[in-house]
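S.K.: Below are the structure tokens for one structure; questions will follow.
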Amino acid sequence: MTLPVVPLADIDLSSAEFWTQPRDWRDGAFKTLREQAPFQFFEEIQIEDSPIPAGPGYRALTRHDDIWHVSRNPQQFCSGKGSNIGDLPVEINEFFGSMINMDDPKHFRLRSIVSKGFTPKEITALEESVRVRSKSVIDRMFERFPNRECDFVHEVASRMPLQIICDMMGIPESDEEMIFNWTNTILGVGDPEFVGSFEDLVRVGGEIFTYALALGEDRLKNPRNDIASIMMQAEVDGERLSAQEFGSFFILLVVAGNETTRTAIAHGMRELTLHRDQREIWFNNFDAHTKTAVEEIVRYATPVINFRRTATQDTEINGQKILEGEKVVMFYQSGNRDESVFTNPYDFNVLRDSSPAQVGFGAGGPHFCLGANLARREIAVMFDEIRRRVPNLEITSEPAYLQSSFINGIKRMNCAW
């Protein structure tokens, strides 16, 4: 793949215009940054309608090893000042981001409690639910679209991950569409189609939080066989989740757990359509190649574009001096295209060795994605269902991408079979 050569002077990761450029141009820009300015400083831009003033700027980390270094050194690069680029009050950060915007010991305590719902035993128990839901997605697709055409994102990629989150938390099926719309509003801020504003974000956050409080209170009093009950009943050193903590974690779970997996499935289906040889390799020997294929889908899709950390002290990253208080922003998609780490990084290769690890789930450290193994199972099972029941399914239109500097989402994308 030949990328456009993008001059360093033409690159501004803070501008909305950058994120509307063609994908290959953006890849070319990140290649320039990796080669010429792997710690480039960018000014922050005031977000329209936001009452939060623009911050002091940040350094963009675009190389795999630098991203890995920051992720694995939380004492030097903290999360408690925010994981998004813009500055928000700590209370708002923790309200929307829960433990991803916390540092130890607060982070360790909260993660220790909620991880009780994500043990290997609990994930294994969800396996049947994942298979049942994947089957029902394809059943519904056949039933609703006798002409054998539909929007893959809405009918397939987004449906199963959302249903699994609802199954995990004991949420009734009648509430699924409401939760789906909430997540679109939160992650669609900045996309003109969703016409989201800061006020919309706050309003929807409040609605989800209120819903979560009622759910958590019910599971505390009337525990059921779901992960919401496990988390509400779990104790670590005699402490349980507070109502605030459960509500904020619920926001994180329904947004991140839904959107990132649907993004990976959507991108994966597109690549398997564009690269028939890779589909044949995987589908003809599915069990043998599922591990590497799923990791390659996550690497190629990289659903979360970036996360930020803040330096807690004067330090260095590969010889670059970083001052206390400076923001460093890890651009995961760039790290997943790093030529010094991945051979032919712009090729989609389901046989790609899983070592070195892609950074689509983060790059190790205490904030590594808690739901990574569940996401892997969902991706694998959904494509297994497609392989067995509709192996000739193809993407038939160009993706309508989410306009976002944070989520590499696809809003719509037609398919046929």
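The values are calculated or read from the model by the stated rules, or taken from the named source; none is laboratory data. Everything quoted here is computed from the prediction, not taken from an experiment. When we count neighbours, we look across all protein chains shown, and the Cβ atoms used for this are built from the backbone with ideal geometry, even at glycine.
S.K.: V130 passes all but one of (1) surrounded by 18 or more Cβ atoms within 10 Å (Cβ to Cβ); (2) under 20 Å from the mean Cα position of the chain (by Cα); (3) outside any helix (DSSP H, G or I); which number fails?
M.R.: (3)
Per-residue answers, yes or no, for (1) of a type outside the set (D, E, K, R); (2) under 27 Å from N414 (Cα atoms); (3) in contact with a Phe, Trp or Tyr (Cβ under 9 Å, 6 or more places away or on another chain); (4) at pLDDT below 95:
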site	(1), (2), (3), (4)
T290	yes, yes, yes, no
R309	no, no, yes, no
G319	yes, no, no, no
T343	yes, no, no, no
G362	yes, no, yes, yes
M382	yes, yes, no, no
L393	yes, yes, yes, no
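S.K.: Same structure again: Can you confirm whether I85 is part of a loop (DSSP other than H, G, I, E, B) and at pLDDT 90 or above?
M.R.: It is true that I85 is part of a loop (DSSP other than H, G, I, E, B) and at pLDDT 90 or above.
S.K.: Residues that are out of contact with any Pro (no Cβ under 9 Å at 6 or more places or on another chain), at pLDDT below 85 and of a type in the set (V, I, T): does the range 242-254 have at least one?
M.R.: Looking through the range 242-254, at least one residue is out of contact with any Pro (no Cβ under 9 Å at 6 or more places or on another chain), at pLDDT below 85 and of a type in the set (V, I, T).
S.K.: What residue, among those in the range 189-209 that are in a loop (DSSP other than H, G, I, E, B) and β-branched (V, I, T), is modelled with the highest pLDDT?
M.R.: In the first step, residues of the range 189-209 are kept if they are in a loop (DSSP other than H, G, I, E, B); the result is 189-197.
Still in the list and also β-branched (V, I, T): 189, 195.
Values: V189: 72, V195: 57.
If we take residues in the range 189-209 being in a loop (DSSP other than H, G, I, E, B) and β-branched (V, I, T), then V189 is modelled with the highest pLDDT.
S.K.: Looking at (1) hydroxyl-bearing (S, T, Y); (2) exposed (fewer than 14 other Cβ atoms within 10 Å of the Cβ); (3) touching a strand residue (DSSP E or B) at 6+ places or on another chain (Cβ under 9 Å), which one does S14 not meet, given that it meets all the others?
M.R.: (2)
S.K.: Oh, and also: Which one is nearest to D24 (Cα to Cα), of the residues in the range 276-313 that are among the basic types (K, R) and surrounded by fewer than 16 Cβ atoms within 10 Å (Cβ to Cβ)?
M.R.: If we filter the range 276-313 for residues that are among the basic types (K, R), which is where we start, we get 276, 279, 291, 299, 308-309.
The next check asks that each one be surrounded by fewer than 16 Cβ atoms within 10 Å (Cβ to Cβ); those that pass are 276, 291.
Working: R276: 21, K291: 27 Å.
So, considering only residues that are among the basic types (K, R) and surrounded by fewer than 16 Cβ atoms within 10 Å (Cβ to Cβ), the one nearest to D24 (Cα to Cα) is R276.
S.K.: Another question, if that's okay. For the condition within 20 Å of N336 (Cα to Cα), touching a Cys at 6+ places or on another chain (Cβ under 7 Å) and touching a residue at least 12 places away in the same chain (Cβ under 8 Å), what is the one hit in R299, R262, R309? Please lay out each step first, then the result.
M.R.: Working: R299 fails: touching a Cys at 6+ places or on another chain (Cβ under 7 Å); R262 fails: touching a Cys at 6+ places or on another chain (Cβ under 7 Å).
One residue alone meets the criteria, R309.
S.K.: Which of the residues belonging to the range 92-113 are out of contact with any Ser or Thr (no Cβ under 6 Å at 6 or more places or on another chain) and of a type in the set (F, W, Y)?
M.R.: F96, F108 - these are the residues of the range 92-113 that are out of contact with any Ser or Thr (no Cβ under 6 Å at 6 or more places or on another chain) and of a type in the set (F, W, Y).
S.K.: I'm told A54 meets every condition in (1) at pLDDT 95 or above; (2) assigned to a loop (DSSP other than H, G, I, E, B) except one. Can you identify the failing condition by its number?
M.R.: (1) is the only condition that A54 fails.
S.K.: Mind checking which residues of the range 153-188 are over 29 Å from S115 (Cβ atoms) and either among the β-branched types (V, I, T) or touching a strand residue (DSSP E or B) at 6+ places or on another chain (Cβ under 9 Å) (or both)?
M.R.: Result: V153, H154, E155, V156, G188.
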